[in-house]
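Quick notes on the structure that follows.
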Amino acid sequence: MDRNEALFQRAQAVIPGGVNSPVRAFKAVGGTPRFISRAQGAYMWDAEGRRYIDYIGSWGPMILGHGHPAVQEAVRKAAADGFSFGAPTEREIELAEAIIAQVPSVQQVRLVSSGTEAGMSALRLARGATGRDKIIKFEGCYHGHADALLVKAGSGLATFGHPTSAGVPPDVVKHTLVLTYNDLPQLEEAFAAQGSDIACVMIEPVAGNMNFVRAQVPFMKRLRELCTQHGALLVFDEVMTGFRVALGGAQSVYARLIDGFAPDISVFGKVIGGGMPLAAFGGSRDVMSQLAPLGPVYQAGTLSGNPVATACGLATLKEVAKPGFYDALSARTRSLVSGLEQVAKTAGVPLVGDSEGGMFGFFFASELPQNYGVVMATDQKRFNRFFHAMLNQGIYLAPALYEAGFVSAAHSVQDIEQTLAAAATALRD
Ligand code: KE4
């Protein structure tokens, strides 16, 4: 028996589903998950010693590639000085300053340990700052697993959401309205009907949890206007896009396209921790002053701003802030996506893709989907066959058609060429 299979069996005896996060179990694509023993640069090795070109990068954090020497050195030194103090440290200030330096809409940040914690806290802050209960999110956007965000659309616009998970009381999600991504008439209708009750709209500006779907510029422009007009806060969930699609995150992309654009609260994770448990949320000094110990909105965390995690995140942000980093990363990622489209065209298979910075997606479809329903109507069987045909050739893609992919600064031209050659073989299936 393959060691991955043996480990998966052993894991399932002591860990629910054998994994500590559901998407790792390969349920969407079938087959046995690979148990990773080590990673370096653009590569990971599984328990059988097989090497994979890694297009997940821990779902976004590993933008430099695995084991970057400067990051490893920073973590080694920080660990030698102590793992956790439960007291403030200078490096938390440095990391906050590094984030604020790149994101003009953020004047203050609070560090936490996961994207879920950051999203949950941002939601509570928005409700506390506005004194309102209702929130809007979009189908297909994932903001972590806080109860109020595990919700699917109600039967009609006027009705609020229903839980998507057992254990979430309907009462908890009754204030959550779920709309269709990029659906401007529906957004207008929701605000016209309930705008004065909406605390915030939470959105993934480039939705990486329905593969790769951009919020269209007119939609985003109007969303900003409606939030401002009705006194609702616009919460940008940049856990995946922050420091991944651009140094200033997705909001810097929209600020170039929409005059004066900025969200009110931003949520970060993944890249800012460089692979260690660290996330953050931030906004204007005025909004952030609502947080304890200054204000009435409580939020806390034993390991928030952990000294080893902040060292990892800070070393990562120092590397990505170097001139030309995102130009090179964007070009490499674009070469992958355009190469996949070309290979599919040659094979006569409909495939379309998109990318921004080091984040990409592709669909077995002829047009880029604009919302979750269209994403989930794309060819799932073809995706799953393609996923395994690539995995068997040493190319590790996201094990679900609704997940985005990630390229790191360590992915070489040769890695992209090897991937495209494998895709040509896989598409002959
Ligand atoms: P975490 O709690 O997993 O650190 O972050 C939650 C989160 C919040 N917001 C966005 C936009 C996210 O993408 C995520 C987490 N992303 C998933 C990948 N789709 C993490 C992978 C997993 O769940 O294991």
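Structure data summary
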| read-out | value |
| --- | --- |
| Subset of the stretch 258-293 that is more than 16 Å from the ligand (Cβ to nearest atom) and in a strand (DSSP E or B) - its residue that is nearest to Val320 (Cα to Cα) | Gly283 |
| Odd one out for Phe8 among (1) exposed (fewer than 14 other Cβ atoms within 10 Å of the Cβ); (2) over 26 Å from Ala328 (Cα atoms); (3) more than 16 Å from the ligand (Cβ to nearest atom) | (1) |
| Candidates Ala410, Ala424, Ala347 - the one that is outside the structural domain of Ile203 (by TED's automatic domain parsing) and crowded, with 17+ Cβ neighbours inside 10 Å | Ala410 |
| Condition broken by His145, with the remaining ones in (1) within 16 Å of the ligand (Cβ to nearest atom); (2) part of a loop (DSSP other than H, G, I, E, B); (3) more than 30 Å from Gly353 (Cα to Cα) satisfied | (3) |
| From the options Asp46, Asp54, residue that is within 16 Å of the ligand (Cβ to nearest atom), open to solvent by less than 30 Å² (accessible area, probe 1.4 Å) and either among the acidic types (Asp, Glu) or at pLDDT below 95 (or both) | Asp54 |
| Checklist (1) within 17 Å of the chain's Cα centre (by Cα); (2) open to solvent by 30 Å² or more (accessible area, probe 1.4 Å) applied to Gly86, failing item | (1) |
| Tally of residues being in contact (Cβ under 8 Å) with a residue 40 or more places away in the chain and either outside the structural domain of Thr419 (by TED's automatic domain parsing) or not basic (Lys, Arg) (or both) across the stretch 24-42 | 8 |
| Residue satisfying condition, being away from the ligand (no atom under 16 Å from the Cβ), buried (at least 21 other Cβ atoms within 10 Å of the Cβ) and either under 24 Å from Gly283 (Cα atoms) or in the same structural domain as Gly283 (by TED's automatic domain parsing) (or both), within set Gly231, Gly167, Gly161 | Gly161 |
| Those residues of the stretch 363-388 which are farther than 20 Å from Gly339 by Cβ and open to solvent by less than 20 Å² (accessible area, probe 1.4 Å), in sequence order | Pro369, Val375 |
| Test result for Ser21, within 16 Å of the ligand (Cβ to nearest atom), at positive phi, of a type in the set (Ser, Thr, Tyr) and assigned by TED's automatic domain parsing to the domain that holds Thr333 | no |
| Helices (runs of 4 or more DSSP H) contained in the stretch 320-429 and holding at least 1 residues under 30 Å from Leu179 (Cα atoms) | 325-347, 372-376, 380-391 |
| The lone exception for Tyr181 - which of (1) open to solvent by less than 30 Å² (accessible area, probe 1.4 Å); (2) in contact with a helix residue (DSSP H, G or I) (Cβ under 7 Å, 6 or more places away or on another chain); (3) modelled with pLDDT under 95 it fails | (3) |
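The values are calculated or read from the model by the stated rules, or taken from the named source; none is laboratory data. What you are looking at is a predicted structure, and each value in this text was computed from that prediction instead of being measured. All Cβ positions, even for glycine, are placed from backbone atoms using ideal geometry, and neighbour counts span all protein chains on display. Accessible surface is based on the protein model in full, side chains and every heavy atom, while ligands, DNA and RNA are left aside. Shrake-Rupley method; radii C 1.70, N 1.55, O 1.52, S 1.80 Å.
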